[in-house]
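Undergrad: Below are the structure tokens for one structure; questions will follow.
Quick note: the coordinates plus some simple rules give every number you see, no bench work behind them. All of these numbers come straight from a predicted model, not from anything done at the bench. No Cβ is skipped: glycine too gets one built from the backbone with ideal geometry, and neighbour counts run over all protein chains shown.
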Amino acid sequence: MLKAIVLQNMSLLKNIGEFNGVKLSVLQLHLSDVQTGGNKLFKLKYNLEDARLKGHDTLLTFGGAYSNHIAATAAAGKRAEFKTIGIIRGEKISPLNKTLKRAADNGMHLQFVSREQYRQKEEPLFIESLKARHGNFYLLTEGGSNELAVKGCKEIVSQIGIDFDYIVCPTATGATLTGIALSLLPSQQAVGICVLNNKVQIENFVNGYIKKNEQQQPEIIADYTFNGYAKSNDALNQFVKTFTDSFKIRIEPIYTGKMFYGLFDLIGKNYFKAGSHVIAVHTGGLQYL
Ligand SMILES: *Cc1c(COP(=O)(O)O)cnc(C)c1O
């Protein structure tokens, strides 16, 4: 079952040049698959294994209409032969958008709930009502960030295969950043670029795994959120275009666009030690485009 969701053995590292004395390479996790590529498969891997071990045949999770997590759960669930149920925030859109159409094609049963109901997604009563409707299931929280997700993300760094000084990723819940930070050598530093205004929540998440003054503690940078999740402006949109044209690597403005925008700004401000090698993790997120 798990063989089906392990990454292929391909070289994902691409050096894109030297900027202000810093060597920059991209770990192109997005290349393995449009739906499950990026960080989401790492987050799902041990959750799916746990679901199987506990005898479940159905996964249920939550997300918005463009959710990368919904897309990945539908695709990985299908490959691992789980039934999947997606509880989608908001009114049913018809025709379905790309994300939801593909999820449905992958066999995901979609249930649309009002924003009000969606806010109850952690309430035991709401979960019980979902069980009454769909039968028993293995519950993955929105975004799928838990201890097993962190465990899976510890395997991201082993995809790199060479020495480096810094590793940078876009950060929403902090699960990916935490997994990465936990797998570094003492000489290496993880840096998370926030994509929404939730630095304190990210810090709390990280501190659940890495104590405050521990050497593995990642840096969390909140200067490039562009005022919130999925918010953008002309400068960011233009940057995404220029980056894509210059390096022939597709990015999007919600996650990787903000990371690379921040990364180049930080390089310009001499944030990284001169002569160092920085790895940027391309966490995917292209499936909705
Ligand atoms: C979900 C997602 C992230 C954020 O990962 P967290 O583990 O929640 O911090 C980053 N990039 C992309 C493309 C994502 O889909």
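Undergrad: Amide H neighbours of VAL168 under 5 Å, at least 5 residues apart or on other chains, H built in the peptide plane: list them.
TA: So VAL168 has HN proximity to VAL191, ILE279, ALA280, VAL281.
Undergrad: Filter the GluC sites (Glu not before Pro) in segment 143-239 down to the DSSP loop ones having no more than 13 other Cβ atoms within 10 Å, then list what survives. Provide the component values of the computation, followed by the final result.
TA: Working: sites: GLU147, GLU155, GLU203, GLU214, GLU219; in loops: GLU155, GLU214.
Of the GluC sites (Glu not before Pro), the ones in loops of segment 143-239 whose Cβ has at most 13 other Cβ atoms within 10 Å are GLU214.
Undergrad: I'd like the trypsin sites (Lys or Arg not before Pro) in segment 70-150 restricted to DSSP loop residues with at most 16 other Cβ atoms within 10 Å, sorted by number.
TA: Values: sites: LYS78, ARG79, LYS83, ARG89, LYS92, LYS98, LYS101, ARG102, ARG115, ARG119, LYS121, LYS131, ARG133; in loops: LYS92, ARG119, LYS121.
For trypsin sites (Lys or Arg not before Pro) across segment 70-150 that sit outside H, G, I, E and B with at most 16 neighbouring Cβ atoms in 10 Å, the list reads LYS92, ARG119.
Undergrad: Shape call for segment 71-213 from the C-alpha gyration tensor, a ≥ b ≥ c root eigenvalues: rounded (a/c under 1.5), prolate (a/b greater than b/c) or oblate? Please list the in-between numbers first.
TA: Working: a/c = 2.21, a/b = 1.80, b/c = 1.23.
Prolate, because a/c is 1.5 or more and a/b exceeds b/c.
Undergrad: Something else about it: Each residue of segment 129-136 in order: what ³J(HN,Hα) in whole Hz does its phi give by Karplus 6.51 cos²θ - 1.76 cosθ + 1.60, θ = phi - 60°, with x for Gly and Pro?
TA: 5, 5, 5, 4, 7, 10, x, 6
Undergrad: Related question: Expected output is a single nm value to one decimal: the length gained when fully extending between GLU219 and ALA132, i.e. 0.36 nm times separation in residues minus the C-alpha distance. What is it? Walk me through the numbers before you get to the answer.
TA: Numbers: separation 87, 0.36 × 87 = 31.32 nm, distance 4.35 nm.
This chain segment gains 27.0 nm when fully extended.
Undergrad: Find how many whole Å separate the alpha carbon centroid of segment 20-47 from the alpha carbon centroid of segment 106-139.
TA: About 29 Å separates the Cα centre of segment 106-139 from the one of segment 20-47.
Undergrad: Name the long-range amide H neighbours of THR84: under 5 Å, sequence gap of 5 or more, or other chain; modelled H, no Pro or chain starts.
TA: Sorted by chain and number, the residues that satisfy this are LEU59, HIS109.
Undergrad: Report the full-extension gain for the segment HIS109 to ALA230: residue separation times 0.36 nm, less the Cα-Cα distance, to one decimal in nm.
TA: Numbers: separation 121, 0.36 × 121 = 43.56 nm, distance 2.56 nm.
Stretched fully, the HIS109-ALA230 segment lengthens by 41.0 nm.
Undergrad: Multiplying the sequence separation of GLN201 and SER276 by 0.36 nm and subtracting their Cα-Cα distance, what value in nm do you get? Walk me through the numbers before you get to the answer.
TA: Values: separation 75, 0.36 × 75 = 27.00 nm, distance 2.97 nm.
Result for the pair: 24.0 nm of gain on full extension.
Undergrad: Given Cα positions, please report Rg to Rh for segment 18-62, the hydrodynamic radius being the Kirkwood one.
TA: Details: Rg = 16.6 Å, Rh = 13.2 Å.
With Rg and the Kirkwood Rh in hand, the quotient comes to 1.26.
Undergrad: Does segment 187-249 come out rounded, prolate or oblate by the C-alpha gyration tensor, with a ≥ b ≥ c the root eigenvalues, rounded set by a/c under 1.5 and, if not, prolate when a/b is larger than b/c and oblate if not?
TA: Values: a/c = 3.94, a/b = 1.77, b/c = 2.23.
Oblate shape, in that a/c is at least 1.5 and b/c is the bigger or equal ratio.
Undergrad: Give the Rg/Rh ratio for the chain, taking Rg as the radius of gyration of the Cα atoms and Rh as the Kirkwood radius, to two decimals.
TA: Working: Rg = 18.7 Å, Rh = 19.5 Å.
Here the Rg-to-Rh quotient is 0.96.
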